[in-house]
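J.: My structure is below; once you've seen it, I'll send some questions.
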Amino acid sequence: MTITEPLLSVFETVESEVRSYCRAWPTVFEKASGSRLYDERGRDYLDFFAGAGSLNYGHNNPVLKRALLDYIERDGITHALDMSTTAKRAFLETFQSKILAPRSLPYKVMFPGPTGTNAVEAALKLARKAKGREAVVSFTNAFHGMSLGSLAVTGNAFKRAGAGVPLVHTTPMPFDNYLGGQTPDFIWFERLLEDQGSGLNHPAAVIVETIQGEGGVNVARPEWLRQLADLCRRRDMLLIVDDVQMGCGRTGEFFSFEEAGVTPDIVTLSKSISGYGLPMSLCLFKPELDIWEPGEHNGTFRGNNPAFVTATAALDTFWHDGGLRDRTLLQGARIEQTLSEICAEDGRPGTTHRGRGMVWGLEFEDSTRATAVCRQAYEHGLLVETSGPESEVVKLLPPLTLTPAELEEGLEILTRSVRETA
Ligand code: PMP
C-alpha cells in the first residue's frame, strides 16, 4: 500500500501550534505493544519514553487489556463521577492491601480528576485549608503541571510565562545540589524561616519531587529528603511529595520516597497508576488531614472506572511481590553502566549522567547536543526525549517491563547516537 501524503497534513492545518512531541517524532503512530510503537508505514520504534512515565508496564499489556475488554463487554460502568462502583471498590481494596498496608502507610485516598495537575491542585488546596496559610515552598527546576496552582510551584520560565496572570503565594528554594554542594543543605530555607525580617510568610507546605523528571533528572539524595521531612515537622509545614512521574515503581519501590524512609503528609500519583495509559490520578493524605467537606472539591471525570479496572489488574500483576522492583534495580544498574561508558568515551567534562531505578539523564554541556542525540536516536528507531531548563539532558524512561534484549538494543542505539553527534 502506498500512502500519499497531502502537502500539509491535517495535524498542521487543523491542530494547534501548541503540539510538541509530534514535532520531535514526525511520523503517524498506529499501534503499540509492550515496549514498541509502530507507525502507519509499519516501522517500529523502541520506546524509552513510555508516555512520559504513564506506561511503566508497557503498551497494551495483555493481562490489563483482557481485564479491560472483559469489563467493557459485560457493560461495566464507564463513567460514574464519585459514585460507589464495584470497580472502584476493587481498586481501593487492592491499593490498600497491596500498596498501603504492606508499607504501613495510613493514607486516605482522594480521586481529584484524571490528570497529574488535578492531583497537585487538590494537594495544594488541602494543605492551605489544613494550615490556614497561603504560602507554599517549591524547588528550583520543579515541574508540577500546567494549571495555575501547579504552575505557581513550577520553575520553568517559559511554562510560567504562559499563565498570563501573576503566579503568587509560592517561594522557590534551592533543590538538592542546586548550589553545587557549596553551602550546607537548607541553610537558606532554615534562616528565612527563623528570621522575622526575611519576608517569607510561614508556608503551609513544601512540595517536592524526589527526582525532578522534567527539570533535568535531578536526583535528591535520601539524606536531603530526610532533612527536608525533619524541617517540615519542626517548622509545622506539610510535606507534599509529587510522585506523579517517579511513583508506581519507576525508582524501584512503588513510591519514590520509600528509599529515604520518609512518610510525606500528602502524596500525588497519576501517570502509571492506571497501568494502561488511561487517565487517572490520586491524592493521598494522612487521615487527620481529611478535613474536606463533602463536594468541596469535585470534578466530572473523577470516576474513570475502566482506569480503576486496569489499575487493579496492574497492582495484582506487578505488585504482589518484589519481582518488578528487583528487575527495575537490576536493569537500572545496567543503564548506569552504559551511561558511564558513554560519558567516558565522549570524554568532555560536561558530559555527565545521573538517575535512579529506571529513570536516567545524560547531560551535555552544549545544550543543543541532547536534542541532536534524540533526533539521531529517532532515526535509528528509538524514542527518547530531552528534559531540563535548556533541554540539555537526554531522559531515559523505558517501560519497567522491557526485556534485557530490548534494553541492550536501546542502549546500543543511544551509544551510537551520542557517537554520531560528537
Ligand atoms: N507532576 C509531575 C512531577 C509531572 O511530571 C507531571 C507531568 N509531567 C505533572 C505533575 C502533571 O501531570 P499532567 O500532565 O498529567 O497534568
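The values are calculated or read from the model by the stated rules, or taken from the named source; none is laboratory data. Please read these numbers as outputs of a predicted model, since none were measured by experiment. Here Cβ is always computed from backbone atoms with ideal geometry, including for glycine, and neighbour counts include all displayed protein chains. To get the accessible areas, we keep the full protein, side chains included, count just its heavy atoms, and leave off ligands, DNA and RNA. Shrake-Rupley method; radii C 1.70, N 1.55, O 1.52, S 1.80 Å.
J.: Return only the number of the condition from (1) over 18 Å from the mean Cα position of the chain (by Cα); (2) more than 27 Å from LYS286 (Cβ to Cβ); (3) in contact (Cβ under 8 Å) with a residue 12 or more places away in the chain that VAL217 does not satisfy.
T.: Unmet condition: (1).
J.: Also, I was wondering about something else. State which residue pairs qualify: first residue over 17 Å from GLU408 (Cα atoms) and inside the stretch 337-348, second residue open to solvent by 90 Å² or more (accessible area, probe 1.4 Å) and outside any helix (DSSP H, G or I) in any location, beta carbons under 9 Å apart, and separation of 6 or more residues or different chains.
T.: Once the first residue is over 17 Å from GLU408 (Cα atoms) and sits in the stretch 337-348, its partners that are open to solvent by 90 Å² or more (accessible area, probe 1.4 Å) and outside any helix (DSSP H, G or I) give ARG348/GLU365.
J.: Answer yes or no as to whether PHE11 is in contact with a Cys (Cβ under 8 Å, 6 or more places away or on another chain) and away from the ligand (no atom under 16 Å from the Cβ). It would help to see each step written out before you state the result.
T.: Values: in contact with a Cys (Cβ under 8 Å, 6 or more places away or on another chain): yes; away from the ligand (no atom under 16 Å from the Cβ): yes.
So PHE11 fits the description; yes.
J.: Go through (1) assigned to a helix (DSSP H, G or I); (2) open to solvent by 70 Å² or more (accessible area, probe 1.4 Å); (3) in contact (Cβ under 8 Å) with a residue 60 or more places away in the chain one by one and return the number of the condition PHE308 breaks.
T.: Against the list (1) assigned to a helix (DSSP H, G or I); (2) open to solvent by 70 Å² or more (accessible area, probe 1.4 Å); (3) in contact (Cβ under 8 Å) with a residue 60 or more places away in the chain, PHE308 comes up short only on (2).
J.: In the stretch 150-164, what residues are part of a helix (DSSP H, G or I) and more than 11 Å from the ligand (Cβ to nearest atom)? Walk me through it before giving the result.
T.: Pass one, the stretch 150-164, residues part of a helix (DSSP H, G or I): 150-152, 157-161.
Matches in the stretch 150-164: ALA152, ALA157, PHE158, ARG160, ALA161.
J.: Related question: Report yes if LEU192 is away from the ligand (no atom under 15 Å from the Cβ), without any contact (Cβ under 8 Å) to a residue 40 or more places away in the chain and of a type outside the set (S, T, N, Q), otherwise no. Give the derivation first.
T.: Values: away from the ligand (no atom under 15 Å from the Cβ): yes; without any contact (Cβ under 8 Å) to a residue 40 or more places away in the chain: yes; of a type outside the set (S, T, N, Q): yes.
So LEU192 passes the test.
J.: Would you check which residues across the stretch 82-95 are over 12 Å from ARG302 (Cβ atoms) and either open to solvent by less than 40 Å² (accessible area, probe 1.4 Å) or of a type outside the set (Lys, Arg) (or both) and list them? Quick ask: steps written out before the conclusion?
T.: First pass over the stretch 82-95, keeping only residues over 12 Å from ARG302 (Cβ atoms): 84, 86-87, 89-95.
Scanning the stretch 82-95 gives SER84, THR86, ALA87, ALA90, PHE91, LEU92, GLU93, THR94, PHE95.
J.: Could you tell me whether GLU134 is part of a loop (DSSP other than H, G, I, E, B), within 17 Å of ILE291 (Cβ to Cβ) and either modelled with pLDDT under 95 or of a type in the set (Asp, Glu) (or both)? Full working, then the answer.
T.: Details: part of a loop (DSSP other than H, G, I, E, B): yes; within 17 Å of ILE291 (Cβ to Cβ): yes; either modelled with pLDDT under 95 or of a type in the set (Asp, Glu) (or both): yes.
Taking the combined requirement at face value, the residue satisfies it.
J.: Any residue at all in the stretch 165-176 that is open to solvent by 60 Å² or more (accessible area, probe 1.4 Å), touching a residue at least 24 places away in the same chain (Cβ under 8 Å) and either part of a loop (DSSP other than H, G, I, E, B) or within 16 Å of the ligand (Cβ to nearest atom) (or both)?
T.: If we filter the stretch 165-176 for residues that are open to solvent by 60 Å² or more (accessible area, probe 1.4 Å), which is where we start, we get 165-166, 168-169, 172.
Subset that is touching a residue at least 24 places away in the same chain (Cβ under 8 Å): 169, 172.
If we keep only those that are either part of a loop (DSSP other than H, G, I, E, B) or within 16 Å of the ligand (Cβ to nearest atom) (or both) too, we end up with 169, 172.
Scanning the stretch 165-176 turns up at least one residue that is open to solvent by 60 Å² or more (accessible area, probe 1.4 Å), touching a residue at least 24 places away in the same chain (Cβ under 8 Å) and either part of a loop (DSSP other than H, G, I, E, B) or within 16 Å of the ligand (Cβ to nearest atom) (or both).
J.: Let me ask something else. List every residue pair whose Cβ atoms lie under 7 Å apart, where the two residues are 6 or more positions apart in sequence or sit on different chains, the first residue falls within the stretch 96-124 and is touching a residue at least 12 places away in the same chain (Cβ under 8 Å) and open to solvent by 20 Å² or more (accessible area, probe 1.4 Å), and the second residue, located anywhere, is among the aromatic types (Phe, Trp, Tyr) and part of a helix (DSSP H, G or I).
T.: VAL109/PHE95
J.: Hey, another quick one. Take the conditions surrounded by fewer than 21 Cβ atoms within 10 Å (Cβ to Cβ), aliphatic (A, V, I, L, M) and either in the same structural domain as LEU238 (by TED's automatic domain parsing) or at pLDDT 95 or above (or both) and apply them to VAL153. Does it pass?
T.: Values: surrounded by fewer than 21 Cβ atoms within 10 Å (Cβ to Cβ): no; aliphatic (A, V, I, L, M): yes; either in the same structural domain as LEU238 (by TED's automatic domain parsing) or at pLDDT 95 or above (or both): yes.
No: the conditions fail for VAL153.
J.: Is there any pair linking a residue in the stretch 313-335 that is closer than 19 Å to ARG103 by Cβ to one that is among the aromatic types (Phe, Trp, Tyr) and crowded, with 19+ Cβ neighbours inside 10 Å, with Cβ under 7 Å and at least six apart or on different chains, and which?
T.: ALA314/TYR57; LEU315/PHE95; PHE318/TYR57; TRP319/PHE254; LEU324/PHE318
J.: Could you please give the count of residues in the stretch 349-371 that are touching a residue at least 12 places away in the same chain (Cβ under 8 Å) and either crowded, with 21+ Cβ neighbours inside 10 Å or closer than 21 Å to ARG250 by Cβ (or both)?
T.: Going through the stretch 349-371, the residues touching a residue at least 12 places away in the same chain (Cβ under 8 Å) turn out to be 349-351, 353-367, 369-371.
In the following step, the residues that additionally are either crowded, with 21+ Cβ neighbours inside 10 Å or closer than 21 Å to ARG250 by Cβ (or both) were identified as 353-364, 369-370.
Here the count works out to 14.
J.: Identify the single condition in (1) touching a strand residue (DSSP E or B) at 6+ places or on another chain (Cβ under 8 Å); (2) within 16 Å of the ligand (Cβ to nearest atom); (3) within 12 Å of GLY303 (Cβ to Cβ) that HIS79 does not satisfy, given that it satisfies every other one.
T.: Answer for HIS79: the failing condition is (2).
J.: Quick one: which residue in ARG302, ARG325 is part of a loop (DSSP other than H, G, I, E, B) and of a type in the set (Lys, Arg)? Walk me through it before giving the result.
T.: Numbers: ARG325 fails: part of a loop (DSSP other than H, G, I, E, B).
After applying the criteria, what remains is ARG302.
J.: Listed residues GLU209, GLU190; which is of a type in the set (Asp, Glu) and under 30 Å from ALA313 (Cα atoms)?
T.: Numbers: GLU190 fails: under 30 Å from ALA313 (Cα atoms).
After applying the criteria, what remains is GLU209.
J.: Give the residue that is nearest to the chain's Cα centre (by Cα), with candidates limited to residues of the stretch 125-143 that are within 12 Å of the ligand (Cβ to nearest atom) and open to solvent by less than 10 Å² (accessible area, probe 1.4 Å). Steps first, please.
T.: We begin by selecting, within the stretch 125-143, every residue within 12 Å of the ligand (Cβ to nearest atom); these are 138-139, 141-143.
From what's left, open to solvent by less than 10 Å² (accessible area, probe 1.4 Å): 138-139, 142.
Working: SER138: 16, PHE139: 16, ALA142: 11 Å.
Checking each candidate, the answer is ALA142.
J.: Could you give me the residue pairs with C-beta distances under 7 Å whose first residue belongs to the stretch 252-281 and is under 20 Å from ALA314 (Cα atoms) and in contact (Cβ under 8 Å) with a residue 12 or more places away in the chain, whose second residue is more than 11 Å from the ligand (Cβ to nearest atom) and among the acidic types (Asp, Glu) wherever it lies, and which are 6+ apart or on separate chains?
T.: The qualifying pairs are GLU253/GLU259.
J.: Something else about it: Which of the residues spanning the stretch 38-61 are more than 16 Å from the ligand (Cβ to nearest atom) and open to solvent by 20 Å² or more (accessible area, probe 1.4 Å)?
T.: TYR38, GLU40, ARG41, GLY42, ARG43, ASP44, HIS59, ASN60, ASN61 - these are the residues of the stretch 38-61 that are more than 16 Å from the ligand (Cβ to nearest atom) and open to solvent by 20 Å² or more (accessible area, probe 1.4 Å).
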